[in-house]
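Let me begin by presenting the structure, written as C-alpha cells, before commenting on it.
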C-alpha cells in the first residue's frame, strides 16, 4: 500500500470492500455469510478496521444482540487512495 497507510490482511480488505460496496445495513452475521467465514473471523477483522477508524460499530436499537458495521469517512479516503495507487500501478505495467 502507499507509504504511511496501514497494511490490511486479505480478510480485512474483503470486509472493508463489502461494507463500502454493498448496500447497508451490514451485520457481523451477514458479513460472515456473504464472505463465507466464521463470525469470530469477521469480528477480528472489524476490530482492526475499527481500530484504524475505517468502520464503526453501532448497536441495532431493535435487536440489542445485533451490531451494525458502518462506513466512515476515513475508510472512504483509504479506499480512494488505494484505488488511485492500483490504477497508477496498472498504467505502469
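Summary table
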item	result
Flag if residue 68 is within 13 Å of the chain's Cα centre (by Cα), in contact (Cβ under 8 Å) with a residue 60 or more places away in the chain and crowded, with 16+ Cβ neighbours inside 10 Å	no
Restricting the stretch 7-43 to residues that are in contact with a strand residue (DSSP E or B) (Cβ under 8 Å, 6 or more places away or on another chain) and outside any helix (DSSP H, G or I), the residue that is surrounded by the most Cβ atoms within 10 Å (Cβ to Cβ)	26
Scan of the stretch 44-93 for residues that are in a helix (DSSP H, G or I), at pLDDT 95 or above and more than 13 Å from residue 17 (Cα to Cα), ordered by number	44, 47, 48, 50, 51, 52, 73, 74
Which listed residue is free of Cβ contacts under 8 Å to residues at least 24 places away in the same chain, exposed (fewer than 13 other Cβ atoms within 10 Å of the Cβ) and touching a strand residue (DSSP E or B) at 6+ places or on another chain (Cβ under 9 Å), from 80, 58	58
Matching entry among 41, 22, 45, 32 (being closer than 28 Å to residue 89 by Cβ, free of Cβ contacts under 8 Å to residues at least 60 places away in the same chain and in contact with a helix residue (DSSP H, G or I) (Cβ under 7 Å, 6 or more places away or on another chain))	45
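The values are calculated or read from the model by the stated rules, or taken from the named source; none is laboratory data. In this text the structure is predicted, and so the values were computed from the model without any measurement. As a convention, Cβ positions derive from the backbone with ideal geometry for all residues, glycine included, and neighbour counts pool all protein chains shown.
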